[in-house]
Amino acid sequence: MDMAFLTDSSLFLCQVPVGLAPASILPDHFVCLLDRAGNVTGWSADAERISGYRAADILGRPFSDLFPSDQGGTGLPSQAQEAAWDRGRGERTGVVGRKDGSRFRAHVVVHAFTDDPGEPTAGAVALIRDLTVRKLPTGAHCPVDTTLDIILRKMSEGVALFGTDRGLVYCNARFGAILGLPEDCLRHGTSCDQVLADVVGVPGNGGEALAVHQDRAPGPEGLRDWTIETRRLDRSVLLSCFALPDGRHVVTCDDMTPRRQAEGRATYLEQHDTVTALANLHGLQRHLNLHCARPESRFSVFYFDLFGFKRVNNTMGHAAGDELLRIAAGRVRAILGQSDLGAHIRGNKFAIVVHSAQDEAGIHALAHRLRTALTRPIAVLGHEVTVGVGIGIVRFPMDGADRDTLMWNADIALQHAKDGDASRIRFYDPDMDTARRLRMDLERDLRLALERDEFILHYQPFLNLQTNRIIGFEALIRWRHPTRGLVAPGDFIPVAESMGLMYDIGVWTLDAACREAVGWPADTVISVNVSAAQFRHGGLVETVKLALACSGLDATRLELEITETAMIDDVPHAGRVLRQMRDMGVQIALDDFGTGYSSLSFLHSLPFTRIKIDRSFIRDMGNGMGDGGAIVRAITGLCGSLGVVATAEGVETQEQFDYLKQVKCSEIQGFFFSRPCPAAEARKLLEVRQD
């Protein structure tokens, strides 16, 4: 509303001190509101009393309907309104008709107002005074609170007007309600300083200011235009003061609580993960920014992954994955101190900021509790699952003085925790940076290795123990790096897996092995490892068919080596794929047998033609009297009864060779007979093999 209206209207409205008019004295005037078209939009109780028209009778009708046409009265309101639209104020004297047909002479004043200064007028307020009513001996005309409450009744804000002497002239009901001030604080003439002291904490009270934008703070030395947000009765209140041209001041107040609550909710959603209710990445970054800005702060950051989350998410569905995350988040919250922060960053990655533990022993103990809590079995949608956990730890400020450095170094520590000892907990060490840079260089070069044709294959033979003849070779990939030389698979295969390159590398390996083997004797088998990524890819069968077709190799001479971990997530799917391979004639070997959880059941449900006994059992076999020897005897016996070839991996000594021959193991593979060798050397071994 245009406050210039208050300046004009208060000249004749503010004549009677608040609450001092005798109860028997009734106003001799009434006020109504008009829209820009001149229709009545607001009707007061005094208007009904004086005119006899109820609000239902008059609202929406033209203001001119109140003036008898036979007296020329219809022109009177139009003239007053036109003057108001042009100059902000218009007045005329004429005759007003009551509902019962009686009439009275009246003085009409119309004040235009706008919702925003400088904008076209949005409407007007009309004051109609009955000139036939005898003036009261006191000279009073209208209680201030009644009139202005009618004018401002649609305002959600509170409004108070202070005179040039800084005493209270008027305030609406919302002003007292929003600020929670008692009536005795809002009497006519109450000092502005006293009202403000009760609200915003100038001398005399302890109000809490939340935010201020002002030329000068409110105080005894004088009023200036200002705006302040303060807490009042557990609510947020925006209080503003601005001066009128004649030296008076208007103070407005608005209840900001709903808006602040909405903003708080929006801020919460912006900074929290909807699945786990922990902080999200943005919330974590904000928390770290805040505490890194305090040099006296001491805290640590744990980065940790849930190993096995992707398996649950992919095999049981996203609902199961979300349930796993919620349960894990609950366990994280259970170990946090009151000042600590838990965060779910993305996928299976979490972080916590620990303020409650300061020394290394306490931090390590908390990390151990965290890992123990998260590795306990978790019931997810009726199924019990387990996950592994690796934790990387950094400390502020010794491991980084800003947010990004801490998060970077925490991730480095996490990568080392994944590759480290069984505890899977690692504190950041500056030497890890060197390893990280080397890893990044390796990843960069590995992306280019395929297109630069830098991979080669070496071949390690299988020896039949009954005939002492080579019956086949396993193709083993090597990387011929331009500056590092020959890189062993153990140094780059894990990196390729983490980069998602294993499918492409696997396709290249299969093609290259088939092309090499087609020139070998017709009874020699080539065995190719299939990675988990390649096995789970929907196009494995087509890839094998294409490799055989392009090379001309007979399908019976190709063997695929597959580990249990590549099939465990979806055994029915694995069975369908392997049976399609067997129908083509391709042989199937179960690699690393004995190291998984369900290997024995696999032998009955999947069509394997060879079982490769893991090298760890061969290494622990000794003279056959220990656990390793017993396991090897059991596996070879089982394979014999099932008609499946048993191949011992990692045979390195004469003692191992003799024992395996004694227990009737079908084949061996290892350094005792031959190391992996280039293709040319493999062909020489075939030329000189025993008949």
Are there any pairs, at least 6 apart or on different chains, whose C-beta atoms fall under 8 Å, with the first in the stretch 475-500 and on the phi > 0 side of the Ramachandran plot and the second surrounded by 14 or more Cβ atoms within 10 Å (Cβ to Cβ) and assigned to a helix (DSSP H, G or I), and if so, which? GLY500/ALA533
Starting from residues that are surrounded by fewer than 17 Cβ atoms within 10 Å (Cβ to Cβ) and modelled with pLDDT of 90 or more, keep the ones in the stretch 380-407 and report whichever is nearest to LEU284 (Cα to Cα). ASP404
For the stretch 331-346, state whether one or more residues are crowded, with 19+ Cβ neighbours inside 10 Å, of a type outside the set (Val, Ile, Thr) and farther than 28 Å from MET398 by Cα. no
Of the candidates ARG298, ARG286, the one satisfying the condition of being in contact with a Pro (Cβ under 9 Å, 6 or more places away or on another chain), within 26 Å of ASP402 (Cβ to Cβ) and open to solvent by 10 Å² or more (accessible area, probe 1.4 Å) is ARG298
Check ALA47 against each of (1) at pLDDT 85 or above; (2) assigned to a helix (DSSP H, G or I); (3) open to solvent by 10 Å² or more (accessible area, probe 1.4 Å) and name the one condition it does not meet. (3)
Being more than 60 Å from the chain's Cα centre (by Cα) and either modelled with pLDDT under 80 or of a type outside the set (Asp, Glu) (or both) is the requirement here; does VAL133 meet it? yes
Which residues, counting only those in the stretch 348-379, are among the β-branched types (Val, Ile, Thr) and either surrounded by fewer than 21 Cβ atoms within 10 Å (Cβ to Cβ) or farther than 24 Å from ASN280 by Cβ (or both)? ILE363, THR372, THR375, ILE378
Within the stretch 358-376, is even one residue assigned to a helix (DSSP H, G or I), closer than 23 Å to PRO489 by Cα and among the hydroxyl-bearing types (Ser, Thr, Tyr)? no
Tally of residues being surrounded by fewer than 18 Cβ atoms within 10 Å (Cβ to Cβ), outside any helix (DSSP H, G or I) and not β-branched (Val, Ile, Thr) across the stretch 491-528: 5
Give the residues of the stretch 647-691 that are among the acidic types (Asp, Glu), in contact with a helix residue (DSSP H, G or I) (Cβ under 9 Å, 6 or more places away or on another chain) and open to solvent by 50 Å² or more (accessible area, probe 1.4 Å), sorted by residue number. GLU652
Out of THR93, THR121, report the one residue that is among the polar types (S, T, N, Q), open to solvent by 10 Å² or more (accessible area, probe 1.4 Å) and either under 16 Å from VAL31 (Cβ atoms) or at pLDDT below 80 (or both). THR121
(1) touching a helix residue (DSSP H, G or I) at 6+ places or on another chain (Cβ under 8 Å); (2) at pLDDT below 90; (3) open to solvent by less than 50 Å² (accessible area, probe 1.4 Å) all hold for ALA279 apart from (2)
Going through the stretch 620-646 in order, the residues found to be part of a loop (DSSP other than H, G, I, E, B), open to solvent by 50 Å² or more (accessible area, probe 1.4 Å) and modelled with pLDDT of 85 or more are GLY643
Mind checking which residues of the stretch 164-180 are of a type outside the set (D, E, K, R) and surrounded by fewer than 19 Cβ atoms within 10 Å (Cβ to Cβ)? THR164, GLY167, ALA173, GLY176, ALA177, GLY180
Filter result for ALA680 (modelled with pLDDT of 85 or more, closer than 15 Å to PHE473 by Cα and of a type in the set (Gly, Ala, Ser)): yes
Could you tell me whether LEU548 is among the aliphatic types (A, V, I, L, M), open to solvent by less than 60 Å² (accessible area, probe 1.4 Å), in contact with a helix residue (DSSP H, G or I) (Cβ under 7 Å, 6 or more places away or on another chain) and under 29 Å from PHE672 (Cβ atoms)? no
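The values are calculated or read from the model by the stated rules, or taken from the named source; none is laboratory data. Just so it is clear, the structure is predicted and the values come from calculations on it, not from any experiment. Ideal geometry is used to build each Cβ from the backbone, glycine not excepted, and the neighbour counts take in all protein chains shown. To get the accessible areas, we keep the full protein, side chains included, count just its heavy atoms, and leave off ligands, DNA and RNA. Shrake-Rupley method; radii C 1.70, N 1.55, O 1.52, S 1.80 Å.
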